[in-house]
Amino acid sequence: MVENIVPEEGNRILGKDAQRNNILAARVVAETVKTTLGPKGMDKMLVDRTGNITITNDGVTILDEMEIEHPAAKMIVEIAKTQEKEVGDGTTTAVMLAGKFLENAEKLLDMKIHPTIITRGYRWAEEKSQGLLKELSVKVGSKEDLLKVAETAMTGKGIEYLKAKFAQIIVDAVEIVAENNKVNLTDIQIISQKGQAIENSELIQGIVIDKERINLEMPSRINEAKIALIEESLEIKGPETEAKISVSSPDQLQNFLNQEDAMLRSKVEWIKSTGANVIFVQRGIDDLVQYYLAKEGIYAIRRVPKTDMQNLAKATGAKIVSKLSEIAPSDLGYSGYVEERKDGEEAMTYVMGCKNPKALTILIRGGTEHVIDEVKRAVEDALGDIAATLKDSKIVSGGGSIEIELSRKLKEFASELNGRERLAVEEFASAMEFIPITLAENAGMDPIDILTELRAAHDAGMKNAGLNLFNNKIEDNLVNGIIEPLKVKTQAIASATEVAIMILRIDDVIAAKKPIGNSGKLGSMSGYD
Ligand code: ADP
Ligand code: MG
């Protein structure tokens, strides 16, 4: 219904129509993800053209896989991606807020309030919110708080009974790789393995490569591993070096083959001379090289993805060399042992006992790919939350409590304003209530009752009163440990406001002749890559 609103080439949609049309599209996107919000949210089943399915509760995954044509709707999808990139969680919240800001702005447009007034009011409200959020946030007290943040992120994501276990894995992982409270999430590798129950998922203090040794004659375990990381292919005729040879006699051919053999053998000799007993190669390895490596008792893996190579370098201290000929013994890394293990459907290579395990692995197991994928998404959200929490050590209470308090405070702020912007600030304030309303609605509770109760609790000074969906009561969620990083909220509100303002300022949608250079990315918005 929304897609055919894109004008045909040469056409344009002007003024009010353009605005309403964009608002409608953005609202449709927000409505789509709304039912997934919170622990009692439902999942979506996405089916692609080839019949592959994804079952998920994750806002950004849903939007990413939906075919969305409308330009304004695409802008909304972009904020989910920014949220995902900046924090890793809160995507549904960000999209819903943007949709609600626009819906409420429409009411003001109906009252003939000019978009510039609305956008100005929204900007004021956003700035005020950022300050209020900081005031309302509290400092992380202990590791227990971090565990609760991780659990809150995973509540309702299909691993309810294993939340505590995963929270522990996630917090431990982040604490190990963090330096000065900064976490590079690429240091935590998530690997999935089909074939065992989810509860056998584990944190592995090493690197797990989703590949087996290339030749069964190679040893399956190497103790005191000395590891070489090589970029180039160990083949004679890589596609890039293909050369034509002309052979005119059997002797010549034999000669040539002998030469080739000698060359490949010398590669292995060279590897051996450095002292390496394990090699990871980013490209291919010739069959003959495999054979000689096996004979020398060297463990080898080929076609190792670049990110794995980087993690291996980090964990083992090896230096990645681009050419085999450049390698020196000092480029080798070290690990206690390297072992091929098969405890799921496929064998994997474990690089264990690293000296400086600044890169590690969360191994997620599960019975089916759908289960594993959804667990993985939940773990990724929680990892993002923990990283964000460590950065500034600030958390806020969840279950809609922070939104209600913000809404209240923003209404107070609005009452101090005189101009028409006041109305916009009020609409912004009431948009915040969309979060607790939806949490209640998705849990089958009466949203009006809940809203009334929540407002009353906050009027009575219970700043952290929110919906506790473990018992469906209104309680102090800071005490309950239903907590989220401050950054989830500041980021969601900032990007939702930004996109709402951008959409409100558009009064003309023109079909451009040529593809726009930056492929429609929103150049002026912060945080876009
Ligand atoms: P998002 O993509 O925005 O993170 P989620 O589906 O993860 O969406 O839902 C997050 C919302 O669920 C937050 O507002 C959070 O406070 C709320 N929430 C999480 N756990 C609970 C709980 N036990 N009770 C009430 N609300 C909860
Ligand atoms: Mg979430």
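The values are calculated or read from the model by the stated rules, or taken from the named source; none is laboratory data. All values derive from a computational prediction rather than experimental measurement. Neighbour counts run over all protein chains shown; Cβ positions are idealised from the backbone, glycine included. Ligands, DNA and RNA are stripped out before the accessible areas are found, and what is left, the full protein with its side chains, is counted by its heavy atoms. Shrake-Rupley method; radii C 1.70, N 1.55, O 1.52, S 1.80 Å.
Values for this structure:
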read-out: Shape call, region 414-472: gyration tensor on alpha carbons, a/c limit 1.5; value: prolate
read-out: 21 Å Cα cut-off, lysine pairs counted over region 207-356 (separation 8 or more, or different chains); value: 28
read-out: Pairs of Cα atoms farther than 21 Å apart, region 1-143, %; value: 54 percent
read-out: Length-normalised contact order for the chain - Cα pairs under 8 Å, 6+ apart - percent; value: 26 percent
read-out: Separation of alpha-carbon centers, region 113-181 and region 14-54, rounded to whole Å; value: 24 Å
read-out: Relative contact order [Cα under 8 Å, 6+ residues apart], region 207-356, whole percent; value: 39 percent
read-out: Extension gain, Asp110 back to Phe470 (0.36 nm per residue minus Cα-Cα distance, nm); value: 125.5 nm
read-out: Dipole of the chain, positive end: most advanced residue of Ile474, Met309, Ala494 [Cβ charges, Cα centre]; value: Ala494
read-out: Which of Lys358, Lys112, Lys134 is most accessible, then next, and so on - probe 1.4 Å; value: Lys112, Lys134, Lys358
read-out: Pairwise FRET efficiency - Arg283 versus Asn52, Cβ, R0 = 25 Å, nearest 0.05; value: 0.30
read-out: Highest average packing first - 104-111, 482-489, Cβ atoms within 10 Å; value: 482-489, 104-111
read-out: Whole-Å semi-axes of the ellipsoid equivalent to the chain (Cα gyration tensor, √5λ, descending); value: 53, 29, 19
read-out: Rounded percent of accessible protein surface that carbon and sulfur make up, region 207-356, 1.4 Å probe; value: 47 percent
read-out: Only Lys, Arg (+1) and Asp, Glu (-1) charged, at Cβ; the chain dipole about Cα centre in debye; value: 940 debye
read-out: Of Lys40/Lys100; Lys16/Lys411; Lys81/Lys463; Lys85/Lys194, pairs whose Cα-Cα distance is over 24 Å; value: Lys16/Lys411; Lys81/Lys463; Lys85/Lys194
read-out: Computed FRET value (nearest 0.05) for Ala347 with Asp446, which takes r as the C-beta separation and R₀ as 51 Å; value: 0.40
read-out: Estimated [θ] at 222 nm from DSSP helical runs (n ≥ 4, -39500 (n - 2.57)) normalised by residues in the chain, nearest 500; value: -15500 deg cm²/dmol
read-out: Rounded accessible area of Lys182 (nearest 10 Å², 1.4 Å probe); value: 140 Å²
read-out: Lys143 paired with Met263, simple spin-label distance in nm, labels 7 Å along Cα-to-beta-carbon; value: 5.6 nm
read-out: Accessible surface, the chain, averaged per residue in Å² (probe 1.4 Å); value: 46 Å²
read-out: Long-range Cα-Cα pairs in region 207-356 (distance over 19 Å), rounded percent; value: 52 percent
read-out: Förster radius 60 Å - calculated FRET efficiency between Asn356 and Asp459 (Cβ-Cβ, nearest 0.05); value: 0.65
read-out: Within the accessible area of region 49-123 (1.4 Å probe), percent carbon and sulfur; value: 48 percent
read-out: Solvent exposure, largest accessible area first (probe 1.4 Å, DNA, RNA and ligands not counted), of Asp459, Asp385, Asp446; value: Asp459, Asp446, Asp385
